[in-house]
Amino acid sequence: DYGLWGGVVPGNGEHLQALAEAGVMGFKAFLVPSGTEEFACSDPATLRVAMERIAHTGLRLALHAEDPEELRKAEAGLARKKTAADWEASRPVASELSAVRSALEIAGETGCPVTIVHVSAPEVVRLIREARFAGADVRCETCPHYLLLSLEDAERIGPNAKCAPPLRPRETVAALWEPLLKEEIDTLGSDHSPCPPELKAGMAFYDAWGGIAGIQHGLMGVIDHIGLGKPDAMEKLCRSFAKRPSEAVGLQQKGELRVGADADFFLVEWCDPPAPVREDHLLSRHSGSAYLGKALGSRVTETWLRGEVVFRDGSLCGEPRGQFLPGAAVS
């Protein structure tokens, strides 16, 4: 099953109500260039207009929060623009913190619910937590690659590990687990961003397409990291990738196993010994992955949608049965 986000771009503020009425589940905006020309980034004036109008729809704004001015300053100080380390230096945590502060100020003035997505560092989580304690309707999302892969890994992997915000140093990655397991990070999202191989292969890290194709192995890596014998931690993880994301977009029938809800679930097999991810394991159309070679001790064996098996042992079962799920906008 699937839903759609409405994009916020300069000049489309007058269309946001119509998008809500058409059934989008929420809205997405970038404060910095998205990497595609058709999804232009929002300046503060665009963001303010959008938040004012989104607040009336009853929906939520997902915000990629990096401050373009902080990025310009960081990039100006670079001696070169080639490696993973150069890329990380060009997009410091300070840019996330600055963007989140600005966005939360506007959200507070407009009453717009906000989720800060792709949070890469615990300092940003703390800032969001403080705003929530102060009464802001703000949520925090991170992605598996910020929990599993480090800057040091990116230097080894190459362009398949390029994303924005970038992968952070090893100590930052380790520190992000604590707020996840304390449930200070609300949701875990894939930020799956595949591309044709030619947009990464043979290119300098700095110049390659920015996006990690992680939907197949990212969540499994997080499950694998927690491991067997930790039911409390696994329950928290399930809330982060299923229940709370469903709640955030108003899907009351999704996200948990209970009477009356959709019977959506997947089955995991634990592997002993762990098996490295190989290219012939990849199920996506484009084969690049930051997880190639990573040893995983678990794999998905079955996926069930509304009480019917739709995937088993690497193959789809039967005809596609996914349905469009409209959002619950306030008219």
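The values are calculated or read from the model by the stated rules, or taken from the named source; none is laboratory data. Here the structure is a predicted model, which is why all the values come from computation and not from measurement. Heads up, the Cβs are rebuilt from the backbone with ideal geometry, glycines too, and the neighbour counts pull from every protein chain shown. Accessible surface areas use protein heavy atoms only, side chains included; no ligands, DNA or RNA. Shrake-Rupley method; radii C 1.70, N 1.55, O 1.52, S 1.80 Å.
I'm checking my understanding of the structure. Among residues of segment 116-135 that are farther than 15 Å from LEU63 by Cα and assigned to a loop (DSSP other than H, G, I, E, B), which one is least open to solvent (accessible area, probe 1.4 Å)?
ALA121
Determine which member of the set ARG72, ARG80 is out of contact with any helix residue (DSSP H, G or I) (no Cβ under 9 Å at 6 or more places or on another chain), surrounded by fewer than 21 Cβ atoms within 10 Å (Cβ to Cβ) and of a type in the set (Lys, Arg).
Step by step, each of ARG72, ARG80 is checked, and only ARG72 is out of contact with any helix residue (DSSP H, G or I) (no Cβ under 9 Å at 6 or more places or on another chain), surrounded by fewer than 21 Cβ atoms within 10 Å (Cβ to Cβ) and of a type in the set (Lys, Arg).
For CYS41, work out the one condition from (1) open to solvent by less than 20 Å² (accessible area, probe 1.4 Å); (2) within 19 Å of VAL119 (Cα to Cα) it doesn't fulfil.
(1)
Would you pick out the residues in segment 225-279 that are over 26 Å from PRO179 (Cβ atoms), part of a strand (DSSP E or B) and open to solvent by less than 60 Å² (accessible area, probe 1.4 Å)?
Once the filter is applied, which keeps residues that are over 26 Å from PRO179 (Cβ atoms), part of a strand (DSSP E or B) and open to solvent by less than 60 Å² (accessible area, probe 1.4 Å), segment 225-279 yields CYS271, ALA275.
Can you list residue pairs whose Cβ atoms sit under 9 Å apart, with the first residue in segment 245-273 being in contact (Cβ under 8 Å) with a residue 24 or more places away in the chain and the second being open to solvent by 70 Å² or more (accessible area, probe 1.4 Å) and assigned to a loop (DSSP other than H, G, I, E, B)? Count only pairs 6 or more apart in sequence or on different chains.
ASP262/ARG306; ALA263/LEU257; ALA263/ARG306; ASP264/LEU257; ASP264/ARG306; PHE265/LEU257; TRP270/LEU228
Go through segment 75-130 and give me each residue that's in contact with a Ser or Thr (Cβ under 6 Å, 6 or more places away or on another chain) and of a type in the set (D, E, K, R).
Result: GLU75, single match.
Among the residues of segment 90-98, are any surrounded by 19 or more Cβ atoms within 10 Å (Cβ to Cβ), of a type in the set (Ser, Thr, Tyr) and within 13 Å of LEU31 (Cα to Cα)?
yes
Matching residues to (1) touching a strand residue (DSSP E or B) at 6+ places or on another chain (Cβ under 8 Å); (2) of a type in the set (A, V, I, L, M, F, W, C); (3) closer than 26 Å to GLY7 by Cβ; (4) in contact (Cβ under 8 Å) with a residue 12 or more places away in the chain:
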site	(1), (2), (3), (4)
ARG72	no, no, yes, no
SER98	no, no, yes, yes
LEU104	yes, yes, yes, yes
GLY111	no, no, yes, yes
THR115	yes, no, yes, yes
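Pairs only if they're at least six apart or on different chains, beta carbon under 6 angstrom, first in segment 185-212 and free of Cβ contacts under 8 Å to residues at least 12 places away in the same chain, second not in a helix (DSSP H, G or I); list them, first residue then second.
Hits for this filter: LEU199/TRP209.
For ARG168, work out the one condition from (1) in contact with a Leu (Cβ under 9 Å, 6 or more places away or on another chain); (2) of a type in the set (D, E, K, R); (3) part of a helix (DSSP H, G or I) it doesn't fulfil.
Here ARG168 clears every test but (3).
Which of the residues belonging to segment 145-196 are of a type in the set (S, T, N, Q), farther than 19 Å from HIS286 by Cα and either modelled with pLDDT under 95 or within 13 Å of the chain's Cα centre (by Cα) (or both)?
Within segment 145-196, just THR187 meets the criteria.
Go through the residues of segment 310-319 one by one and say whether even a single one is open to solvent by 70 Å² or more (accessible area, probe 1.4 Å), part of a strand (DSSP E or B), more than 13 Å from ALA275 (Cβ to Cβ) and of a type in the set (Phe, Trp, Tyr).
Scanning segment 310-319, I find no residue that is open to solvent by 70 Å² or more (accessible area, probe 1.4 Å), part of a strand (DSSP E or B), more than 13 Å from ALA275 (Cβ to Cβ) and of a type in the set (Phe, Trp, Tyr), so the answer is no.
Can you pull out every residue in segment 141-172 that is of a type in the set (Gly, Ala, Ser) and closer than 19 Å to LEU188 by Cβ?
SER150, ALA161, ALA164
When you check ALA290 against the structure, is it under 30 Å from GLU198 (Cβ atoms) and loosely packed, with under 15 Cβ neighbours inside 10 Å, yes or no?
no
GLU183 - would you say it is at negative phi and surrounded by fewer than 22 Cβ atoms within 10 Å (Cβ to Cβ)?
No: the conditions fail for GLU183.
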